[in-house]
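Asks: Please read through the structure below; I'll follow up with questions.
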């Protein structure tokens, strides 16, 4: 990891070689519009969730080429001397608009629009995509989990199953999508996310018997703690838990076995012992389907690890960063798009509004090229200024993003909450001026 | 991201609450052995590949609690004052042994063994697992890809599809597993991995026509560059490419469509045009199966993105960090293991050797509890000292890990290279002393 480099090197080499060729060839200063969008949702998913915008904006001011970065590029002969001189002065001075963080999106939704010279805008491609593709994949999975959990809290516990820094971002994305807390200390330190956790099987195994371990935990952490009761035998574990903590025990945790059956048995046992207020936390390889299957079981909260941080089958959001318009020789903006097989897209800068029916339910993701943006109560504008002339103008907090996600998901048709595989919950319609 | 915290906060809260309870209860100083292993391989996989050890060791000296970390833990009331005082002096002073980075592993292989007081060893759980689970998942996928590609180079291009820091680690893991280069600048800057890349579709679209774009690229990057020929029409693209660069063009890149058919057509066209030395790079949503399907096509190298950085269907290695032995009241070490449903494991510290048959092919992953470690030419010892009394003693380089992987994979039975779903290529046998 040493020396520590700025995020500007979290960039694919071709962005710099394109820059070099465009600087030499004279096209580098042409004004360009790049759009970030997902061509499709992961197989069977009903909606996407945009996350990462806040992390992007917080790192953007540091997306510069300082002495360390320039020395590396020079040493490894990545680009020529004029390009290095240009990079030394680089700082993004264009415009960025985008959907609010936490917003639900659909195929083709222009979740981020970057406008500036080719040179300054092409540079952000890899970094923008890394942040948004990762965080949005986690947020989309998390949103399905919190929807399935309904009022019961979901707890993020996946750090150990993903890259150490991705774990922090995953906790943040999960929080946006409604998770109540995270096991990861860094998520609390960096983002103020509530953190949770009491003990693992190792703590029980460290002691000569389970009762001794529980007694030590209660003595130090109080009776309100959560005791992990499945190291040896669950029934005996619950018995020992109440013996150690009394009927005021905060919670017991189940981390293996048939959770539905166990939850019923443990709830009955706790009630019999008089611990009617003691909660049950379950944490064994859960995903949105397992959470839904536990809806009728007496469970109080869900700890989710692997399946959350790996996007529950869809570990990346598959967003792309595409040039959609650029300045022509006469100074006007020309829509552009790749034409060939299977990856064709619609050229031109797009506006985006979400249309709602009389009951307030979203029924169209309306995108348009030019012309006035539809207004009126049924149309909710989706794009907002994030960066203006290089300055960050969006001041959304993490709590704003969390609230935005809740409102955005609530507005989708009920089919959006179905876990079964299906089409996007809202159709995307591209309103072409010439089609009027 | 601000302020920047040390890796010590990349830790689950329960490690610190266990520490607090163990410090108060008196068990914190008991000597403990933790083992890292995968209970099983991802569904259908024949072998795993250990990666991340080098990243772990490079960050370990910084796994401390400084003023910023302690202030955060105090402010958020994560642990009590005696625990904070203990953390202020914390630095791992125990022993770590493990498989060499790049080594192939099998279910149950003790890829890392951490020994020290409970207090100092329990702290490393989340961090160790994050690094090894991520990097090993990528390395395992990468190894299948380089095996399928045989002598043709594989190029890592996945940064945009994963968390920005995970992208750097993924490039490193892929390099260990035989990838030739990475598109990501930071992988070159941090780890000396060769970086590659020339241009995207945006560069072509920026110009008034394709020939103008190619001419600008060749003028700046030379005729040895790689031209992306599928923005409009591939046949026309190849024609323009040779027009712009001459028959000495380095390579053309295909990023969409039916790659087998296109590769044959493009090779024929290039040869017809006299560009017999111009290579063909393909880069469209490849995985190990697509690479294998291209074996008979005239392709020179493979650019792999999404499927590499997401582990090609297995985004995490699923390793666990388990207490397997701890000091008893009389000072002897006692094997311990969780007993209850579905997650039972074998207690006791294990040695590990790989047995080879007369032809030098691995036929057994032999693990043992106590007793002499089998020696002789047929047994290859797998564990090596990494950290001794807190000091890093392993000096393996990234190149060493890459060579080690190649040798380790070559030693596996031919079934290991089959891409079809199957059992582990080598059976794991636990040699129990009492079974002698």
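Asks: Do we find a residue being over 30 Å from residue B:170 (Cβ atoms) and either in contact (Cβ under 8 Å) with a residue 40 or more places away in the chain or touching a strand residue (DSSP E or B) at 6+ places or on another chain (Cβ under 7 Å) (or both) anywhere in region B:313-320?
Replies: The answer is no, given that none of the residues of region B:313-320 is over 30 Å from residue B:170 (Cβ atoms) and either in contact (Cβ under 8 Å) with a residue 40 or more places away in the chain or touching a strand residue (DSSP E or B) at 6+ places or on another chain (Cβ under 7 Å) (or both).
Asks: Separate question: Between a first residue in region A:267-287 that is farther than 30 Å from residue A:158 by Cβ and a second residue that is surrounded by fewer than 18 Cβ atoms within 10 Å (Cβ to Cβ), which pairs have beta carbons less than 7 Å apart while being 6 or more apart in sequence or on different chains?
Replies: Close Cβ pairs (under 7 Å, with a partner that is surrounded by fewer than 18 Cβ atoms within 10 Å (Cβ to Cβ)) amount to A:273/A:247; A:274/A:247.
Asks: Going through region A:315-336 one residue at a time, which ones are more than 9 Å from chain B (Cβ to nearest Cβ) and not in a strand (DSSP E or B)?
Replies: The answer is A:330, A:331, A:332.
Asks: Can you pull out every residue in region A:369-401 that is part of a strand (DSSP E or B) and at pLDDT 95 or above?
Replies: Across region A:369-401, the qualifying residues are A:379, A:380, A:381, A:383, A:384, A:385, A:386, A:387, A:388, A:391, A:392.
Asks: So which residues in region A:32-89 are without any contact (Cβ under 8 Å) to a residue 40 or more places away in the chain, within 13 Å of chain B (Cβ to nearest Cβ) and under 25 Å from residue A:115 (Cβ atoms)?
Replies: A:58 - this is the single residue of region A:32-89 that is without any contact (Cβ under 8 Å) to a residue 40 or more places away in the chain, within 13 Å of chain B (Cβ to nearest Cβ) and under 25 Å from residue A:115 (Cβ atoms).
Asks: Looking at region B:85-100, is at least one residue over 23 Å from residue B:391 (Cβ atoms), buried (at least 17 other Cβ atoms within 10 Å of the Cβ) and at pLDDT 95 or above?
Replies: Within region B:85-100, not a single residue is over 23 Å from residue B:391 (Cβ atoms), buried (at least 17 other Cβ atoms within 10 Å of the Cβ) and at pLDDT 95 or above.
Asks: Take region A:321-336 and flag every residue that is touching a helix residue (DSSP H, G or I) at 6+ places or on another chain (Cβ under 6 Å) and touching a residue at least 24 places away in the same chain (Cβ under 8 Å).
Replies: Correct list: A:321, A:323, A:326.
Asks: Is it the case that some residue within region B:337-357 is part of a loop (DSSP other than H, G, I, E, B), at pLDDT below 95, surrounded by 18 or more Cβ atoms within 10 Å (Cβ to Cβ) and touching a helix residue (DSSP H, G or I) at 6+ places or on another chain (Cβ under 7 Å)?
Replies: yes
Asks: Suppose we filter A:74, A:58, A:103 for residues that are surrounded by 20 or more Cβ atoms within 10 Å (Cβ to Cβ) and modelled with pLDDT of 95 or more; which single one remains?
Replies: A:103
Asks: Has region B:5-24 got at least one residue that is modelled with pLDDT under 95 and at the interface with another protein chain (Cβ under 7 Å from one of its Cβ atoms)?
Replies: Yes.
Asks: Sticking with this structure for a sec: Read through the list (1) within 14 Å of another protein chain (Cβ to nearest Cβ); (2) touching a strand residue (DSSP E or B) at 6+ places or on another chain (Cβ under 8 Å), then give the number of the only condition that residue A:307 fails.
Replies: (2)
Asks: If residue B:255 satisfies all but one of (1) in contact with a helix residue (DSSP H, G or I) (Cβ under 7 Å, 6 or more places away or on another chain); (2) under 27 Å from residue A:117 (Cα atoms), what's the number of the condition it fails?
Replies: Only one criterion in (1) in contact with a helix residue (DSSP H, G or I) (Cβ under 7 Å, 6 or more places away or on another chain); (2) under 27 Å from residue A:117 (Cα atoms) is unmet by residue B:255, namely (1).
Asks: Just to verify a result, which residue in region A:298-319, among those that are over 16 Å from the mean Cα position of the chain (by Cα) and crowded, with 16+ Cβ neighbours inside 10 Å, is farthest from residue B:312 (Cα to Cα)?
Replies: That would be A:298.
Asks: Condition test on residue B:255, is it more than 18 Å from residue A:24 (Cβ to Cβ), free of Cβ contacts under 8 Å to residues at least 60 places away in the same chain, facing another protein chain (nearest Cβ under 9 Å) and buried (at least 24 other Cβ atoms within 10 Å of the Cβ)?
Replies: no
Asks: I've got another one for you. Name every residue in region B:210-252 that is in contact with a helix residue (DSSP H, G or I) (Cβ under 7 Å, 6 or more places away or on another chain), at the interface with another protein chain (Cβ under 7 Å from one of its Cβ atoms) and either under 25 Å from residue B:304 (Cα atoms) or touching a residue at least 24 places away in the same chain (Cβ under 8 Å) (or both), in order of residue number.
Replies: Across region B:210-252, the qualifying residues are B:217, B:221, B:230, B:231, B:232, B:234.
Asks: Go through (1) surrounded by 24 or more Cβ atoms within 10 Å (Cβ to Cβ); (2) away from chain A (no Cβ under 14 Å); (3) assigned to a loop (DSSP other than H, G, I, E, B) for residue B:291 and report which single condition fails.
Replies: So residue B:291 meets the others, but not (3).
Asks: In region B:136-165, how many residues are touching a residue at least 12 places away in the same chain (Cβ under 8 Å) and either touching a strand residue (DSSP E or B) at 6+ places or on another chain (Cβ under 8 Å) or closer than 19 Å to residue B:63 by Cα (or both)?
Replies: Final tally of qualifying residues: 17.
The values are calculated or read from the model by the stated rules, or taken from the named source; none is laboratory data. Quick caveat: nothing in here was measured; it's all calculated off a predicted structure. We place every Cβ from the backbone using ideal geometry, glycine too, and count neighbours over all the protein chains shown.
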